[in-house]
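J.: Just dropping this structure here.
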Amino acid sequence: MKLIILFILTYNLFAYDIKQNLFTLYQNKKYEKVCSIGFNNFQKYKQDEEFVSLYAFGCLNSDYIDRLAIPIATLKFSKEARANSAYFSVILMQKKLLYHALIDGYDLSKYILPSTDYVLSRVFDLYIKLGKHEPRAFYLFEDPTDMKLSYKLYISKGDRVSKMVIEEYYDTIILKRHVYW
C-alpha cells in the first residue's frame with residue numbers, strides 16, 4: 001500500500017514538474033523547447049488543458065504551426081480552452097490557404113476570415129487585400145499600424161517541398177524569419 005501511495009505522489013510531483021518546467025521555459029522564450037517537451041509528453045497530459053495550451057502556444061511561437069492540429073481537437077472543455085482552440089484554428093487555416101495560394105495560384109480574394117495578432121495572420125490579411133492578381137516572386141507589405149514594420153512573403157523552393165517564408169523587418173533590419181511548409 002505504501003508503494004502505491006509513493007508512486008502516486010511521485011507521479012503527481014513529476015506532472016507538476018513538467019508543467020512548471022514548460023511554464024518556466026515559455027516565460028524565458030524557449031518556445032521550441034516547450035513545443036518539443038509538450039509534443040513528447042502529450043499523451044500523458046492530454047486531459048490537462050493548461051498543459052495542452054502551453055504546449056500549443058510554444059509550437060505557435062516557434063512556427064511549428066502544423067503541430068497545432070491535435071491541441072485544436074483536444075481543447076474543448078473550458079471557455080478558455082475553446083477560445084485558444086479557435087485562435088489556433090484560424091492561424092492554421094490561414095497558413096494552409098496562403099500556402100495553397102502561393103504554390104497553386106489559388107484565389108483567396110473571396111475569403112473573409114477572422115484575424116489574429118500573429119504575424120502569419122497579419123500577412124494573410126494584407127495578401128487578401130491585394131484581391132485577384134498575377135502571381136509574384138515575392139510580396140512586400142507595410143504594416144498598417146506601424147509604418148516602420150514591413151513583411152516580405154515568398155516561396156523558397158526545396159528538393160521535396162517548397163516552403164513559405166515571411167520575413168519581418170523594422171526599417172531595413174530583419175527581426176525574424178518565419179518558415180512554414
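J.: Identify the single condition in (1) in a loop (DSSP other than H, G, I, E, B); (2) among the β-branched types (Val, Ile, Thr); (3) surrounded by 17 or more Cβ atoms within 10 Å (Cβ to Cβ); (4) over 18 Å from the mean Cα position of the chain (by Cα) that ILE128 does not satisfy, given that it satisfies every other one.
T.: Condition not satisfied by ILE128: (1).
J.: Hey, another quick one. Considering the range 131-143 alone, what residues qualify as being at negative phi and part of a loop (DSSP other than H, G, I, E, B)?
T.: Result: LYS132, HIS133, GLU134, PRO135, ARG136, ALA137, ASP143.
J.: All but one of (1) within 14 Å of the chain's Cα centre (by Cα); (2) acidic (Asp, Glu); (3) open to solvent by less than 40 Å² (accessible area, probe 1.4 Å) hold for ASP117; which doesn't?
T.: (3)
J.: Which one of ILE72, ILE112 is part of a helix (DSSP H, G or I), closer than 27 Å to ILE155 by Cβ and either of a type outside the set (Asp, Glu) or touching a Lys or Arg at 6+ places or on another chain (Cβ under 8 Å) (or both)?
T.: It is ILE72.
The values are calculated or read from the model by the stated rules, or taken from the named source; none is laboratory data. As the structure is a prediction and not an experimental result, all values here were calculated from the model. Cβ sites come from the backbone with ideal geometry, for glycine too, and all protein chains shown count toward neighbours. Ligands, DNA and RNA are stripped out before the accessible areas are found, and what is left, the full protein with its side chains, is counted by its heavy atoms. Shrake-Rupley method; radii C 1.70, N 1.55, O 1.52, S 1.80 Å.
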